[in-house]
Structure formats: C-alpha cells, structure tokens
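In what follows, a single structure is set out as structure tokens and then discussed.
What follows is calculated from the coordinates using simple rules that are stated; it is not laboratory data. Owing to the predicted nature of the structure, the values given are computational and were not obtained by experimental measurement. A quick note on method: Cβ atoms are made from the backbone with ideal geometry, for glycine too, and the neighbour counts reach across all protein chains shown.
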Amino acid sequence: MKDNYLWDRSGEGDAEIEELENLLGTLRYQPQPLEIPAGFQVARRRTFFPALAIAAAIALVAAGLGLWLNFNRRPAQRNEVKRITETDQKRTVERQSENKPDNRLARTSAPKKIRKARSTGARNLFASNRTHRHRIETAKPQLSPAEIAEKEQVLTALRLVSAKLNLAQRRTQSAPSLNLIHNQHKIG
C-alpha cells in the first residue's frame, strides 16, 4: 500500500480501506440546495437596544447638565423681601386667636388697630448685602540704621543655630561608621 492513496487516491488501495470507505460512505456529506418553503416570510428583527442606548445617553447628559448648572450657578445677588400687608396681619392674628383655648383672652390681647405700611411710591423690595469696604491702613514703622544692624545680627545668629541643629540631627539619626578612612593601603 502506498501512503499517497489516503491523501489523493493515487495508486492501489488496500481492501480493508475500501471496505471502510463503503461502510462510512453513507455518512458522507451530501450537498443539497437550500429549500425555503413558499409561504415562509423573513421577519425583520426589531431590536430596540440602539434606540434605548441613545435615549439613555441623552437622559444621562441632560441629568449631568442639570446637576452642573445647579451646582455652578452664582448665588442670588439680592433676596426678595415679602411685603406684609394689613390683610396678612389680620389673618395672622385670627389664626393665633383660633389656636388659643380661650378666644376672649386672645381678642383682648390682640391690637385693635393695625398700622398701615408706608407707601412712598415705588419701593425697592430687594435686600442687598452692603459691606463697608473702608480699610484702615497702618503705617509701617521705619527702622533706624542701628536697628537694621541689630536685626541682621539676630537673623545671622538664627541661621547659624539652625545649621548647627540640622548637623546635630543628622549625626544622631545616622548610624556611626566604624572606620572613617576608606580605600587606603599600607605603605611599606
């Protein structure tokens, strides 16, 4: 038997191999054309994932923009002041008198006449924070030449003390070396 028969069917085949081919030939792949029934319609897939992803991205951007605008807006420069009118004052007094157990006491303790608020034309109903920006400036003292020399001496002394303290700190924190002389050979 030649080895080429198994690969390209050249040469003579063995009887056992031909028998195996006949037995397994019924299981061999047999190409057939695709048969689609006449009444079968191809349905279009409806996937909503891309649309949902776009909608979620837009909602996320809108929420982020809303939060950013909410946290980064400037505080209001002026706050509105509610103007209390005569009718508001009467309602407040009536509510207070209804809440008390003895209405007679509430009526006697309530003021009989309520003052009207002055109306002088158009009023500014906005409160504003007015801070005085006047600063008191103090004059810097002028030093004499003797005082400047003393100042320089004190600064020099402080620098010297600082350098000595740094040196002492380095010496206490580092390990002591046993032999300070390195890389030297005996002569002679």
Charge context of Lys164, other residues only, Cβ under 13 angstrom, K/R +1, D/E -1: +3
Given charges of +1 on the Cβ of Lys and Arg and -1 on the Cβ of Asp and Glu, with all other atoms neutral, how large is the dipole of the stretch 4-52 about its Cα centre, in debye to the nearest 20? 1020 debye
Using the 10 angstrom Cβ neighbour count as an exposure proxy, how do Ile54, Ile136 rank, fewest first? Ile136, Ile54
Residue-wise, which Karplus ³J(HN,Hα) couplings in Hz belong to the stretch 23-34, taking 6.51 cos²θ - 1.76 cosθ + 1.60, θ = phi - 60°, and x for glycine or proline? 5, 7, x, 5, 8, 5, 5, 10, x, 10, x, 6
